[in-house]
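A.B. asks: Below is the structure I would like to discuss, written out as structure tokens.
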Amino acid sequence: MNKPIVPWVLVGIIVVLSAVLVGTLVFAKNQPPQVRGVPNLVAVAPMEPDSAKWGVNFPNQYSSLQKTKDNKVDTTYGGSSAFSWLERNPRLKVLFAGMPFGKDYNEDRGHVWSVTDVNGTKRLTATTPGTCYSCKSSNNPGLWTKMGMAAYDATKFSDLGKEIVEPIGCANCHDAQTMKLIVTNPALEEALKAQGKDWTKFSRQEMRTVVCANCHVEYYFAPDKNNVKNYLTFPWTEGANIEQIDQYYKKVPFVDWKHPDSGADLVKMQHPEYELFTSNSTHYKAGVSCADCHMPYTRDGAAKYSNHDVKSPLLNAEAACGSCHKDVSYVTARVAEIQKQVVTTRDNSEIAIIDAINVIKVAAANPKADPKLIAEARALHRSAQLRWDFVAAENSSGFHNPEEALRILATTIDLARQAQIKAMQATVAQ
Ligand code: HEC
Ligand code: HEC
Ligand code: HEC
Ligand code: HEC
């Protein structure tokens, strides 16, 4: 009997072709997503301050960065409209009495507003140092390389202002040749080095958080370092949680201003987003980065890019949270609950500190009061206010690390009430 050879050959060919097809599809699927198939169109100079020049090569990243100009929407506790915190919360005028934040303190807004807003703040005086421009402009990486940070920090704000024309841009976060994320602020490099850390060895996922630490951190102007009066310094030598920061400032010792009513020597905290987030928050420990929530991937046809329209993730929750959480309305409802609890506790801690200030003021005016107890009350006021401000100046109303924020505020209330009791004892004792 003749065997039907032809059909078997056909079957063989079909099997081989199918295997090739499956192999090709699996290979294609495992390729990294395409970013943009075009080679660089123009060469960009190292540290080029003008973002529009980089934008020729990367139009999606450039145009999404420009969107931060038009963000005006507020959320319950955040958003982009630059409202006045002093009008919203008059207690701040008491807490910041005797220092510039008691005069002008507005909500932050989008990255491209940075230069306009720093030039417009009423906190500026004739002696304001150039150091204030350190987290505002893509001119900085070039200037730091040319002048060195010490000379930059020694320049007066009004003189340095002539060189500062570009707001935050590509050069603040990327290397122009490789497009890798980099540390551009010398103060961040020095602070990491002091902790024995080398950022060039960090993973890509770590850099998606560390790049924000160029600016979203607590810092101060060291009054006498490297022969400069206002040397930009991050207080992280002991570590970056609030107790370690407090320890650092005590050790230096450093004082921003004396409170006119309580007489305590205080330190102002500045936007410590990086420090609060990295103090063992759930998201940080799970390996989530700042960019995961604030710069979620967006599609443009076949291309996928990081959205450079950095703003409140609540205005963009589907993209910001939906990549990891199935139930986006559940997690955004959790944000509302967390922020409400943190803000209520924060308000109570403000009331406790103001009570302490008032009692210390009365006690200190009494010539018979025990000076040792007054000094102790003032030290407690300082510790309480530093902790309250760490949470209050942090821009997420506690969401970045709810447990830590509530722990810090509980300590704040305790310290403030202790300050109040000490001041009462100072006059009752005799
Ligand atoms: C898990 C998601 C998530 C991560 C990770 C995250 N954030 Fe946020 N961030 C939020 C949410 C939610 C808010 C609250 C927004 C609001 O109240 O409108 C917020 C608020 C902010 C704000 C204030 C925004 C505004 O509207 O005023 C800043 C600034 C900020 N984050 C910076 C950072 C930085 C820097 C990091 C990393 C150190 C980081 N965030 C990590 C979710 C995240
Ligand atoms: C070069 C300094 C710098 C870097 C780097 C930087 N920021 Fe900012 N950021 C600022 C300044 C300054 C503002 C406030 C601008 C204003 O109010 O004019 C701001 C504002 C914001 C806001 C508030 C926007 C709004 O509309 O309310 C968010 C959110 C934010 N940054 C998140 C991030 C994240 C996430 C990263 C890292 C991917 C990052 N920033 C990196 C300096 C920086
Ligand atoms: C505040 C910091 C910051 C600024 C300013 C910034 N970027 Fe980025 N950029 C990032 C982060 C974070 C990523 C994500 C990187 C990663 O995942 O490795 C990114 C990713 C990219 C990528 C890789 C592809 C992608 O979209 O994920 C390109 C290209 C890029 N940015 C171009 C630009 C250009 C062009 C500018 C200026 C118009 C700019 N960036 C400004 C932080 C920044
Ligand atoms: C890159 C992934 C990722 C993104 C993006 C992300 N989360 Fe999460 N989130 C996690 C992980 C992982 C956990 C840890 C618990 C778990 O495994 O579910 C978590 C936990 C939480 C929790 C519970 C926290 C706790 O302590 O119990 C809340 C609330 C939450 N996320 C809200 C958000 C919100 C709101 C956003 C968007 C602004 C967001 N997350 C974005 C990964 C993410």
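A.B. asks: If you filter segment 366-430 for trypsin sites (Lys or Arg not before Pro), then keep DSSP loop positions with at most 16 other Cβ within 10 Å, what is left? Intermediate results must be reported in sequence, preceding the final value.
C.D. replies: Details: sites: K368, K372, R378, R382, R387, R407, R417, K422; in loops: K368.
Qualifying residues, ordered by number: K368.
A.B. asks: Using a Förster distance of 41 angstrom, determine the FRET efficiency expected from the C-beta separation of V16 and K326, and round it to 0.05. Walk me through the intermediate numbers first.
C.D. replies: Numbers: r = 41 Å, r/R0 = 1.01.
So, using R0 = 41 Å, E works out to roughly 0.50.
A.B. asks: Calculate the dipole size of segment 145-221 relative to its Cα centre from +1 charges on Lys and Arg beta carbons and -1 charges on Asp and Glu beta carbons; express the result in debye to the nearest 20.
C.D. replies: On the way: 9 positive and 10 negative charges, 46 e Å.
I would put it at about 220 debye.
A.B. asks: Note the full-extension length gain between S84 and T344 as 0.36 nm times their separation in residues minus their Cα-Cα distance, in nm to one decimal. Walk me through the numbers before you get to the answer.
C.D. replies: Working: separation 260, 0.36 × 260 = 93.60 nm, distance 1.92 nm.
Gain in length upon complete extension: 91.7 nm.
A.B. asks: Grab the DSSP H runs of the chain that are 4 residues or longer, score each as -39,500 (n - 2.57), total them, divide by all residues and round the 222 nm result to the nearest 500 deg cm²/dmol.
C.D. replies: Details: 19 runs with 206 residues, N = 430.
The helix-only estimate for the chain comes to -14500 deg cm²/dmol at 222 nm.
A.B. asks: Once the Cα gyration tensor of segment 173-222 is found, what semi-axes does its equivalent ellipsoid get, as square roots of 5 times the eigenvalues, in whole Å, sorted largest first?
C.D. replies: On the way: eigenvalues 70, 31, 20 Å².
After scaling each eigenvalue by five and taking roots: 19, 12, 10 Å.
A.B. asks: Same structure, new question: May I ask you to list the aspartates and glutamates whose Cα is less than 15 Å away from that of K361, ignoring any residue fewer than eight positions away on the same chain?
C.D. replies: Reachable aspartates and glutamates: D261, D265, D370, E376.
A.B. asks: Out of the trypsin sites (Lys or Arg not before Pro) in segment 313-342, which ones are loop residues according to DSSP with at most 11 other C-beta atoms within 10 Å?
C.D. replies: Working: sites: K326, R334, K340; in loops: K326.
In loop regions of segment 313-342 (DSSP not H, G, I, E or B), the sparsely surrounded trypsin sites (Lys or Arg not before Pro) are K326.
A.B. asks: Taking H placed 1.01 Å from N in the peptide plane, check which residues at least 5 places from K225 or on another chain put their amide H under 5 Å from its amide H.
C.D. replies: The list, which skips near neighbours in sequence, is Y231.
A.B. asks: Could you work out which residue, out of P272, P129, P223, moves most in a Gaussian network model of the chain, that is, has the largest mean-square fluctuation with Cα springs under 10 Å?
C.D. replies: Residue with maximal mean-square fluctuation among P272, P129, P223: P223.
A.B. asks: Compute a Gaussian network model of the chain, connecting alpha carbons closer than 10 Å, and tell me which residue from K201, K69, K93 fluctuates the most.
C.D. replies: In this elastic network of the chain, the residue with the biggest mean-square fluctuation among K201, K69, K93 is K201.
A.B. asks: In addition: Hey, which lysines would be in cross-link range of K201, C-alpha to C-alpha under 22 Å, not counting anything within fewer than 8 residues on its own chain?
C.D. replies: Here the lysines satisfying the reach criterion relative to K201 are K180, K193, K285.
A.B. asks: Ok, one more. In Å and from the alpha-carbon atoms only, list the Rg and Dmax of segment 141-185.
C.D. replies: Rg, Dmax (Cα atoms, Å): 11.7, 34.
A.B. asks: Same structure, new question: Report ³J(HN,Hα) in whole Hz for each residue of segment 356-363, in order, from the Karplus equation J = 6.51 cos²θ - 1.76 cosθ + 1.60 where θ = phi - 60°; Gly and Pro get x.
C.D. replies: 4, 4, 5, 6, 5, 4, 5, 5
A.B. asks: Could you list which residues have their amide H under 5 Å from that of N395, counting only those 5 or more apart in sequence or on another chain, with H placed in the peptide plane?
C.D. replies: E273
A.B. asks: A further question follows. Expressed as a rounded percentage, what relative contact order does segment 160-304 have, with Cα pairs under 8 Å and six or more residues apart?
C.D. replies: Details: 144 pairs, mean separation 28.3, N = 145.
It comes to 20 percent, rounded to a whole number.
A.B. asks: Something else about it: Starting at the first residue of segment 332-349, write each ³J(HN,Hα) from the Karplus equation 6.51 cos²θ - 1.76 cosθ + 1.60 with θ = phi - 60°, in whole Hz, x for Gly and Pro.
C.D. replies: 6, 5, 5, 4, 4, 5, 4, 5, 5, 5, 5, 5, 5, 5, 4, 4, 5, 6
A.B. asks: Taking only C-alpha pairs under 8 Å that are 6+ residues apart, what is the relative contact order of the chain in percent? Before the final figure, lay out the partial values.
C.D. replies: Numbers: 647 pairs, mean separation 63.2, N = 430.
It rounds to 15 percent for the chain.
A.B. asks: Still on this structure: Out of residues 5 or more away from D74 or on other chains, whose amide H comes under 5 Å of its own, with H placed 1.01 Å from N in the peptide plane?
C.D. replies: The list, which skips near neighbours in sequence, is S80.
A.B. asks: With an 8 Å Cα cut-off and a minimum separation of 6 or more residues, compute the relative contact order for segment 43-131 in percent. Display every interim value, and only then the final one.
C.D. replies: Numbers: 77 pairs, mean separation 21.5, N = 89.
Computed over segment 43-131, the figure is 24 percent.
A.B. asks: For segment 65-77, in order, what is each residue's ³J(HN,Hα) by Karplus, 6.51 cos²θ - 1.76 cosθ + 1.60 with θ = phi - 60°, in whole Hz (x at glycine and Pro)?
C.D. replies: 4, 5, 5, 5, 6, 9, 6, 10, 7, 9, 9, 4, 10
A.B. asks: Based solely on C-alpha atoms, express the radius of gyration and the Dmax of the chain in angstrom.
C.D. replies: Cα-based Rg and Dmax for the chain come out at 26.7, 125 Å.
A.B. asks: In square nanometres and to one decimal, what's the mean projected area of the convex hull around the Cα atoms of segment 51-186? Before the final figure, lay out the partial values.
C.D. replies: On the way: hull surface 38.8 nm².
Result: 9.7 nm².
Read-outs: derived from the displayed coordinates by stated rules, not from any lab. Since the model is a prediction, treat every value here as computed from it, not as a measurement. Please note: Cβ atoms are built from the backbone with ideal geometry, for glycine as well, and neighbour counts cover all protein chains shown.
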